[in-house]
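The values are calculated or read from the model by the stated rules, or taken from the named source; none is laboratory data. Because the structure is a prediction, the values reported are computed rather than measured. Because the Cβ atoms are built from the backbone with ideal geometry, glycine has one as well, and the counts that use them run over all protein chains shown.
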Amino acid sequence: MFTSKLKYLFIAAVFLSACSKKNEDRANDPEITSYQFVFTSDSHYGLTRPAFQGGTNVDSHTVNAAMIAQMNTLPNLTLPNDSGVNAGKKIGSVDFVFHGGDIANRMETSASVQTAAKSWDQFNVDFLQNLNLKNNTGGKAQLFLVPGNHDVSNTIGYYATMSPLTDATSLTNIYNLMLSPAVPKTPATLNYGTDRVNYSKNLAGIHFCFIQMWPDSAVRVWLNKDLQTVANTTPVIIVAHDQPAVVSNHFTNPNGNFGINNTDKFDNVLDEHFKDGKVTTVTAAIEQRAFVAFLKAHTNIKAYFHGHVHQSQFYTYTGPDNDIALPTVGADSPMKGLQSLADETKLTFQFGAIDTKTMTMTIRECYWDSTPGTPSTPIKWGNKFTIKLK
């Protein structure tokens, strides 16, 4: 028998499944020529910020809730006159919200870091219940999730001891909400070997591929099969947790019995065994070259969105040999930002606008805590990045 919490998740999964086709059709209505979205990542529920809006050691639930409150103000804001998509127009609606993973966080050394189950409950309140954005026909904005390395390590274990050793709650719920299985998984029934979060959606005339962690050789098998159903004139965007220049320690340990251990310090959150050496300090060049070859074979992949780096970034990924040019967008973390952790006025999330007639997309930085002493201060606009999708 389901517990009350599992009953809620079952109902949510069924509801999302029933609405998915209707929402996807709406997201490709030829009469609608503009779509808008938010991109954030690395919520890291369970951690604290040293300072936030006048408080000290502020918990992640409080910080993420404040960010969601600012996201909810977007429809009333006007975009800057910056020559980007929808410049100078009132936002009005937000169609999608993308989250780049790392919802739970148990891999820190502090014994007080909370369970993944509690972290998911807090994420549920902030993102599933209190995010009130509406799409361009008045329906609820769709939320799309990918898992991060913390969500996966919570599931399979980590080389530093965690208590309990595993807690699959966040990965299980991401899987249920995004893949809508006929029988929802539980943390006890999730089979990590087969239950992976790889899925695609056609939104605003673009084929979005949401993948687990990074496009290693195992994920590229799925991607290749998925892209066979997509016209080569349709732009494709990959949404993942890891940046294109993937970190080496996320690969599977190439040493000994390939296990997770405190000597080798590989996380094993990617299926592919590390090929560039035996230690995590070596650059993952061989693996990146294989990904670049994949990009060259699929020239309609036009952009890449990622988290993990904890930094708002707009750049072109050129690969280890400078022979590819992939527009790339990185997202800040409300809890671990490279710049925003020390200076909360630099906290950001990304706002995207897509023109389906010209197939142009502009991403703008949203500084959502620019005046910590006055939390109701409107969002301030930062840098922008425009990508030609065709």
Across the range 228-245, the tally of residues that are of a type outside the set (D, E, K, R) and within 15 Å of the chain's Cα centre (by Cα) stands at 7
If you go through L177, L165, the only one that is assigned to a loop (DSSP other than H, G, I, E, B) and among the hydrophobic types (A, V, I, L, M, F, W, C) is L165
Within the range 370-387, the residues that are within 16 Å of K346 (Cβ to Cβ) and in contact with a Ser or Thr (Cβ under 6 Å, 6 or more places away or on another chain) are S370, T371, T377, K380
Just one listed residue, out of T356, T374, is at negative phi, surrounded by 17 or more Cβ atoms within 10 Å (Cβ to Cβ) and modelled with pLDDT of 95 or more, and it is T356
### Query
Within the range 327-336, is even one residue over 25 Å from L47 (Cα atoms) and among the small types (G, A, S)?
no
Being crowded, with 21+ Cβ neighbours inside 10 Å, more than 20 Å from Y199 (Cβ to Cβ) and β-branched (V, I, T) is the requirement here; does V94 meet it? yes
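Each row is one residue, and each column tells you yes or no for (1) over 19 Å from F98 (Cβ atoms); (2) part of a loop (DSSP other than H, G, I, E, B); (3) of a type in the set (D, E, K, R); (4) touching a residue at least 60 places away in the same chain (Cβ under 8 Å).
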residue	(1), (2), (3), (4)
D226	no, no, yes, no
N232	yes, yes, no, yes
I238	no, no, no, yes
I286	yes, no, no, no
T299	yes, yes, no, yes
F305	no, no, no, yes
Y315	no, no, no, no
Only one of T172, T194, T189 is assigned to a helix (DSSP H, G or I) and either farther than 19 Å from H250 by Cβ or modelled with pLDDT of 95 or more (or both), namely T172
Within the range 31-69, residues of a type in the set (S, T, N, Q), outside any strand (DSSP E or B) and either buried (at least 20 other Cβ atoms within 10 Å of the Cβ) or within 18 Å of the chain's Cα centre (by Cα) (or both) come out as S41, S43, S60, N64
Considering the range 82-128, residues that are part of a helix (DSSP H, G or I) and small (G, A, S), and then whichever is modelled with the highest pLDDT, we arrive at S119
